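Everything on this sheet refers to the single structure shown next.
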Amino acid sequence: MMKPNTIPAALLLLMATTSAALAASGTVLRTDKIYSQPSATASVAGSAAKGASVTVLAKQGGWLRVTSGKTSGWMRLLSVRVGAGGLGGSGLGDVVGAATTKSDPSRVVAVAGLRGLNEEDLKKASFNAEELARLDKWTMTPAQGRSFAGQAGLVAVKLPLLVEPKPAQAPASPSTWEVN
């Protein structure tokens with residue numbers, strides 16, 4: 001018969017080995033902050049320099065939970081290359097690798113998945129009038145846009161209009177499949 005404390009200890013050991021198996025090594029692609037929560041408005045726990053090694057513990061949306069030295073927290077997904085990267089498998093490194101490496105142009109990569117949205121999130125999506133109203137607060141007039149662009153040193157360039165496409169013409173005689 002097992003002792004009562006053996007089950008919780010075994011469960012703890014199983015959880016520790018599982019989380020270690022899920023952890024992956026990564027490389028910081030650009031110097032970035034490590035946040036206490038997966039949000040750019042959260043407090044900064046530290047930073048990681050470009051080229052630094054990190055251990056990736058979890059992924060949540062567009063954020064990775066990492067440990068770098070004695071600092072632990074959240075970094076933006078696109079700031080870290082996990083493992084060898086690439087598109088060959090289906091692990092966390094492959095998802096992040098798709099966002100951080102040149103991919104085969106013949107393969108289609110779903111950008112929505114790289115930004116933290118998965119198929120289930122998209123299926124649950126619904127119209128939200130309050131969010132749309134919040135977005136309306138960010139609109140600007142053309143004059144405000146020109147002023148903002150001017151402050152950044154941008155200048156307007158006049159481009160020729162695209163040629164108007166011609167409508168497709170119906171065939172002069174019916175094709176073989178229409179006659180049959």
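The values are calculated or read from the model by the stated rules, or taken from the named source; none is laboratory data. Keep in mind that what you see is a predicted model, and the values were worked out from it rather than measured. Note that we place each Cβ from the backbone using ideal geometry, even for glycine, and neighbour counts take in every protein chain shown. To get the accessible areas, we keep the full protein, side chains included, count just its heavy atoms, and leave off ligands, DNA and RNA. Shrake-Rupley method; radii C 1.70, N 1.55, O 1.52, S 1.80 Å.
Some points to look at:
- Residue 178 closer than 30 Å to residue 63 by Cβ and modelled with pLDDT under 85: no
- Test result for residue 24, over 24 Å from residue 121 (Cα atoms), under 18 Å from the mean Cα position of the chain (by Cα) and either at pLDDT below 50 or surrounded by 13 or more Cβ atoms within 10 Å (Cβ to Cβ) (or both): yes
- Test: residue in region 63-75 that is within 24 Å of residue 121 (Cβ to Cβ) and of a type in the set (S, T, N, Q): no
The rows are residues; the columns are (1) hydroxyl-bearing (Ser, Thr, Tyr); (2) at pLDDT 90 or above; (3) open to solvent by less than 80 Å² (accessible area, probe 1.4 Å).
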residue: 2; (1), (2), (3): no, no, no
residue: 31; (1), (2), (3): yes, yes, no
residue: 42; (1), (2), (3): no, yes, yes
residue: 66; (1), (2), (3): no, yes, yes
residue: 94; (1), (2), (3): no, no, yes
